[in-house]
Amino acid sequence: MELVCPAGSMTALKAAVDNGADAVYMGFRDGTNARNFPGLNFDLNEARQGIAYARNRHARVFLAINTYPRPHQWGKWCVAVDQAASLGVDALILADPGLMDYCAQTHPDLRLHLSVQGSATNHEAIDFYVRHFGVQRVVLPRVLSLTQVQNVMKRVNAEVEVFGYGSLCVMVEGRCILSSYVTGDSPNSSGVCSPAKAVKWEESASGRRSRLNGVLIDVYAPEEPAGYPTLCKGRFEVGGKVYYAMEEPTSLNVLDILPDLFRAGVTAIKVEGRQRSPTYVAQVTRTLREAIDACAAGPEKFSPKGAWVEQLDKIAEGRCHTLGAYTRPWQ
Ligand code: SF4
């Protein structure tokens, strides 16, 4: 299985490549990609340098243009596709079918991957993209159980990439409107969930409060680690109780099911986190590289090393991990 790692900056790209990523994924510095945060991403010149750095070290570069263009900005997304083609990226990660059509017509030799934002969860949906646009790889949303992934794998006619580590986005991906409901900016069209300009921290007698556009997301006790205020991971009062009503802040980690994914024929394991630091990217890449290689050498005898779990938990959200939707004991 390939290891596909996040490159939110040039230093993160180098950290991923130097620590064993088979491929990195990046975006342009605007709302055409779903991680449009200040200080992240690449302009054309940096993208060119990043691609050269990766190529010289035998790593591939995918470029995400995975937000949905608004009608009046259609041209901007097409320009991004043209620029990616001129850079010679190894694949484009797209979500919008119109943009895929544009790319298939205009740059027929450019390899297409269906973004997680495309939310294709069954083989019929995936076949649609393969048939109409020649999509060669699909990134599965993080809402499928392992059994569902295995079932998709039996029938699908494209490479499959699944998330292996990082923050969870619990809604049907590409369709979450929580952020736009509260801030007016959505991950789906402007590439940002919880835009930094809407985030506010306040000290209060009850603890440190985080707000998003005035909406209280959480209150942290004095020594409690505070996460970035994301609506799906806030503690809210429901029925008189305050708790993580939608999702607990924790990181996905598939070490326990790596052999199952390998045997199912999954092509690539993806690491979430273009917003993360180069140190984080280096640590996750190094650990998963070791784990994937060990799994490929002997899936039957593979068992996650305690040190790998410990290293990944240290940098995980809430310092703990989950298999997320992969495990559904009640099903
Ligand atoms: S609010 Fe949560 S579920 Fe919605 S896009 Fe943001 S991270 Fe994903």
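The values are calculated or read from the model by the stated rules, or taken from the named source; none is laboratory data. Remember, it's a predicted structure, so these values are computed and weren't measured experimentally. In this analysis, Cβ positions are derived from the backbone assuming ideal geometry, glycine residues included, and neighbour counts consider all displayed protein chains. Just the protein is used for accessible areas: all its heavy atoms, side chains included, with ligands, DNA and RNA removed. Shrake-Rupley method; radii C 1.70, N 1.55, O 1.52, S 1.80 Å.
Residues within the reach of a label modelled at Phe128 (point 7 angstrom out along Cα to beta-carbon, backbone nitrogen below 14 Å), restricted to segment 58-99, are 95-99. Among the listed pairs Lys154/Lys270; Lys197/Lys241; Lys14/Lys200; Lys14/Lys76, which are separated by more than 23 Å between their Cα atoms? Result: Lys197/Lys241; Lys14/Lys200; Lys14/Lys76 exceed 23 Å.
As a ratio to 2.2 N^0.38 Å, the alpha-carbon radius of gyration computed for the chain takes the value 0.98.
Of the listed residues Arg70, Arg175, the order by accessible area with a 1.4 Å probe, largest first, is Arg175, Arg70. Under the rule a/c < 1.5 gives rounded, and otherwise a/b versus b/c splits prolate from oblate, where does segment 206-294 land using the Cα gyration tensor? Judged from the Cα gyration tensor, segment 206-294 comes out prolate (a/c at least 1.5, a/b above b/c).
Summary of the geometry: segment 148-208 and segment 255-320, compared by the centres of their Cα atoms, lie 21 Å apart.
Each of Glu223, Glu272, Glu203, Glu247 has its accessible area taken with a 1.4 Å probe; listed largest first, they run Glu223, Glu203, Glu247, Glu272. The convex hull drawn around the Cα atoms of segment 192-244, when projected onto a plane and averaged over every direction, covers 3.9 nm². Between His107 and Thr11, the contour length at 0.36 nm per residue exceeds the Cα-Cα span by 31.6 nm. Scanning the chain for long hydrophobic helices, with DSSP H runs required to stretch 27 angstrom or more by C-alpha along their axis and to average at least -0.5 on the Kyte-Doolittle scale, returns 278-297.
Kindly report the accessible area of the chain per residue (heavy atoms of protein chains, probe 1.4 Å, no ligands, DNA or RNA), in Å².
44
Ranking of Asp293, Asp82 by solvent-accessible surface, largest first: Asp293, Asp82 (1.4 Å probe, protein heavy atoms only, all chains present). Between Lys154 and Asp30, the distance separating the two model label sites (each 7 Å from Cα on the Cα→Cβ line) works out to 4.6 nm.
Based on DSSP H segments of at least four residues, each scored -39500 (n - 2.57), the chain has a per-residue ellipticity at 222 nm of -10000 deg cm²/dmol. Expressed as a whole percent, the accessible area of segment 5-57 that falls on carbon and sulfur atoms is 46 (1.4 Å probe). Put simply, when 157-170, 29-42 are sorted by average Cβ atoms within 10 angstrom per residue, most first, you get 157-170, 29-42.
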